[in-house]
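Nothing in this text is a laboratory measurement; each read-out follows from the coordinates by a stated rule. Model, not experiment: these values are computed from the prediction. Ideal geometry is used to build each Cβ from the backbone, glycine not excepted, and the neighbour counts take in all protein chains shown.
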Amino acid sequence: MKKFRVGIIGCGNIFPMHAYPVAHGERTELVAVCDVKEDRLREKAEAFGCRGYTDYREMLEKESLDVVHLCTPHHLHAPMAIRAMEMGCHVLTEKPMAIRLEDAEAMVETARRTGKTLGVIFQNRYNPGSVLIKETLESGALGKVRTARAMVTWDRSDEYYSKSDWKGTWEMEGGGVLIDQAIHTMDLMRWFIDAPITKIFANLSNRAHDRIEVEDVAEGVLHFENGAVAGFYAINYYGYDAPVEIELVCEKGIAKLVADNATVDFGDGRKLEAGPNPHESFSYGNVKSYWGVSHVKQIGEFYDALEQGRKPAVDGGEALKTQRMICGIYDQR
């Protein structure tokens, strides 16, 4: 069986979550990695037995890649994805797909024009709890969503920002707690409600990090075309990473997601529950435990889609809906 030739751009913190599934996959071969930091690049290239490049354009020109994974700073996602697709590669990028809406739209247009597949990592959609809530809503068993709320109360220290040369900046990160930490929870809430957003009321400010440009608190209300109204609150100076929460109050019951655990309580007394599978685990080096195993699931589904000639579940067009929401919130500042 011919394997997909894969290159990964960016050898930072999230790199293992892409490298291990690719390197050990039956249908993928990790042939090259790229990073501007030569010591980090050398370490990863040696560990995975592949070639290393400091210039992604050189990697694209020399390696005849089928797929490129992007694990780079936010502002590089759009230009790198567009270049890779124009050179004949499918692309799977980490979130956010871009920092500006027009760049995200250009990525989707490039995928359409080149016929290449663009996927965006929103791995929490693949968690059992998220799947339970989505499927229950789609079945109609809960009726319409009336109101919803999402809350992210995490902690990112001054050191977290000071050791990065791009986080905490509008130009390279594109924002703060909203676009970096809370985007996964916001994506889930929008995906659950599944309707265009018609109005946005938001406030963004910096209350605890005096060395960064971007917000460390984001709060507001979203109005959806289907009548749902959703509130959100996100901070990254909480003292620790508390479990994220999403609650949806529907016509026939209430769905709640706390961390990765879902409960659906129906008005007639029935109850559904789902959470992480205790038999699923990963050992991919020094990665954060709350990242879970759903990266592997989404990456696997992406390659399923390539083999089957279909769109992945979170393709560029689907991710663009969340990008439009995030950028719309930032437009309120």
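Assorted remarks:
- Euclidean distance of C-alpha centroids, region 292-307 and region 137-191, integer Å: 22
- Radius 11 Å from Cβ of GLU173, net charge of other residues (Lys, Arg +1; Asp, Glu -1): -4
- Structural size metrics of the chain, computed from C-alpha coordinates, are Rg and Dmax of 19.7, 62 Å.
- Whole-number percent relative contact order across the chain, with pairs defined as alpha carbons under 8 Å at least 6 apart: 18
- Residues GLU213, GLU105, arranged from fewest to most other Cβ atoms within 10 angstrom of their Cβ, appear as GLU213, GLU105.
- Interatomic Cα distance distribution for region 4-120, bins of 5 angstrom, percent: 2, 13, 25, 26, 20, 10, 4, 1
- For region 205-228 and region 90-111, distance of Cα centres in Å: 22
- Helix-derived mean residue ellipticity, 222 nm - over the chain, DSSP H n ≥ 4, -39500 (n - 2.57), to 500: -10000 deg cm²/dmol
- Between HIS24 and ASP268, the distance separating the two model label sites (each 7 Å from Cα on the Cα→Cβ line) works out to 4.4 nm.
- Spin-label pair TRP170/ASP39, simplified geometry with 7 Å Cα→Cβ offset, distance in nm: 3.4
- Estimated FRET transfer efficiency (GLU301, ALA259; beta-carbon r; R0 25 Å; 0.05): 0.70
- Sorting MET151, MET172, MET107, MET1 from the fewest to the most surrounding beta carbons within 10 angstrom yields MET1, MET172, MET151, MET107.
- Selection from GLY220, PHE201, PRO128, by position along the positive dipole direction of the chain (Cβ): PRO128
- Pairs beyond 21 Å (Cα-Cα), from LYS144/LYS256; LYS163/LYS321; LYS116/LYS311; LYS2/LYS44: LYS163/LYS321; LYS2/LYS44
- A simple spin-label model places pseudo-atoms 7 Å from Cα toward Cβ; at ALA208 and ASP158 they are separated by 1.4 nm.
- Hits among aspartates and glutamates - C-alpha to C-alpha of LYS167 under 13 Å, sequence gap 8 or more where chains match: ASP158, GLU159, ASP180, GLU213, GLU215, ASP216
- Taking all pairs of distinct alpha-carbon atoms in region 127-271, Kirkwood radius in angstrom: 16.1
- Fewest-first sequence of GLU29, GLU219 by Cβ atoms within 10 Å of each Cβ: GLU29, GLU219
- Computed from the C-beta positions of LYS252 and HIS223, the FRET efficiency with R₀ = 22 Å rounds to 0.50.
- Using the Cβ-Cβ distance between SER139 and GLU245 with R0 set to 25 Å, the FRET efficiency works out to roughly 0.60.
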